[in-house]
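Here's the structure, in structure tokens; my notes come after.
The values are calculated or read from the model by the stated rules, or taken from the named source; none is laboratory data. Since the structure is predicted, the reported quantities are computational estimates derived from the model, not experimental observations. Cβ atoms come from the backbone with ideal geometry, glycine included; neighbour counts cover every protein chain shown. Each accessible area value is taken on the protein alone, full model and side chains, heavy atoms only, with ligands, DNA and RNA left out. Shrake-Rupley method; radii C 1.70, N 1.55, O 1.52, S 1.80 Å.
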Amino acid sequence: MKMYVHILLLLFALNLQAQTALFNNGNIRIHDQGQIGFHTSLINNSSFDQNLGLAGFYGNNTITVSGAFIPEFYDTEIANDKGVLLDTGLNVINNTNFVIGNFISPRPQPNIHFNFLEAAFSVGENDFSKIDGYAGVNNQQNFTFPIGDEEQFRPLILNSNDTNTFAKCAYYFENPTSPPSFPQVFDLNKKPRTIGEISSIEFWHLEGSVSSTVSISWNARSNIAAITGDAMNIIPVGWSISGRSWVNLGVTALSGDLTMGFLTSDNFIPNDYAIITFASVATPKEILTLDNYLVTPNGDGINDWLYIPELELSKDDTLKIYDRNGLLVYSEANYTNGFTGFANSDNMIINRKIGLPSGVYFYLIAMKDLNLNFQGFLYLKR
């Protein structure tokens, strides 16, 4: 009988014409097989947990969940096209069923989020029903965040190497250089030469302390064609908090075309990065304008060896250096900054132990895996 009293009292409060919100100042509980339908706002100022059964949010008027205590439901669903605005968090133990409408959390207040507890999951999420804002997950290793913005469902799939005590994610359809609802701006030009164009359309903010991979997708609204003409050049990048620049997060899976597709990153720790988005890998023809070089092996730490950063793009390269007479003096496969003014060839080199004499030398570079060849001069000064 106690179960029915709680439910009937609640439903009676919801149907009062003058009632604009349900105030919980006591110990309401949804018992096993119980079902409660919220058609008005909930102000939760007391414990509202230890629930079983289903709590649903229905109707066609915006519902607000607020109060000093976070309500905790076993199963919940939303069928309200105007959505449910979270002014406090909301915890779910088991299933969340998305039918129509969004759970909306304020992005400038990321501590207010829809929270999936251990073993909780969701079904039915789509463009018209999802979490518009932050979703959290507790004590789960793998999880699909059912997130997006007001218009589209833009999930992030988290696959971690161990259980996440807590992880949290939100999607932003905003320009990283000036996001109106994120407390930081990001310079798209602060990147290594191996990263090409970076998306100015969207990004995800992911928190988590466990090494993980993420899977994210793009669609026509992502405008991937603005950053690359080849979908196979798409990479995930993250803004390094310590390095204050963009980092290639690596690709382990990639599929799609310029209008639709998905990728999976390599392993990284989410908390090391402020945001994640799409970029293109710079093609060698875009960045390889090899110059003449200066080598001054005097121990001052400046130009003490031949450094060619573009070789980092190739996994199968060779470097050969010749003197002015065409004599090979240095050769190295997969060059790693080894030339410091000394010969390593088997040719007849005079005074090999004291190093090559100052002067102009000629280099040849072959990047076999990229089918590229370069040549130029270097000046050795002792």
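Looking only at the range 349-356, decide whether some residue is within 22 Å of Arg193 (Cα to Cα) and assigned to a loop (DSSP other than H, G, I, E, B). Spell out the reasoning first.
Of the residues in the range 349-356, the ones within 22 Å of Arg193 (Cα to Cα) are none.
No, the conditions are met nowhere in the range 349-356.
Here the range 101-113 is the region considered, the condition is being modelled with pLDDT of 95 or more and crowded, with 17+ Cβ neighbours inside 10 Å, and the residue that is nearest to Ala170 (Cα to Cα) is Arg107. Would you check if Ala167 is within 30 Å of Ile104 (Cβ to Cβ) and surrounded by 15 or more Cβ atoms within 10 Å (Cβ to Cβ)? Yes: the conditions hold for Ala167.
Enumerate the pairs (first residue in the range 297-317 and without any contact (Cβ under 8 Å) to a residue 40 or more places away in the chain; second residue anywhere and assigned to a loop (DSSP other than H, G, I, E, B) and open to solvent by 70 Å² or more (accessible area, probe 1.4 Å)) with beta-carbon separation below 9 Å, excluding pairs fewer than 6 apart on the same chain, so at least 6 apart or on different chains. Listed by first residue and then by second, the contacts come to Asn303/Lys381; Asp304/Asn298. Applying a threshold of 8 Å to beta carbon distances and a minimum spacing of six or more residues, or different chains, the list of pairs starting in the range 17-32 at a residue that is of a type in the set (Asp, Glu) and ending at one that is at pLDDT 80 or above and surrounded by 12 or more Cβ atoms within 10 Å (Cβ to Cβ) reads Asp32/Leu52; Asp32/Gly53. Annotation: of all residues in the range 235-257 being within 20 Å of Phe153 (Cβ to Cβ) and surrounded by 15 or more Cβ atoms within 10 Å (Cβ to Cβ), the one that is modelled with the highest pLDDT is Pro236.
With the structure loaded, tell me whether Val210 is open to solvent by 60 Å² or more (accessible area, probe 1.4 Å) and assigned to a loop (DSSP other than H, G, I, E, B) or whether it fails that test. It would help to see each step written out before you state the result.
On the way: open to solvent by 60 Å² or more (accessible area, probe 1.4 Å): no; assigned to a loop (DSSP other than H, G, I, E, B): yes.
No.
Residues that are of a type outside the set (A, V, I, L, M, F, W, C) and either under 11 Å from the mean Cα position of the chain (by Cα) or in a strand (DSSP E or B) (or both) within the range 236-265 comprise Pro236, Gly238, Ser240, Ser245, Asn248, Thr252, Ser255, Gly256, Gly261, Thr264, Ser265, listed in sequence order. Note on the range 42-159: enclosed strands (runs of 3 or more DSSP E) holding 2 or more residues that are closer than 28 Å to Gly261 by Cβ are 95-100, 114-116, 121-123, 135-145.
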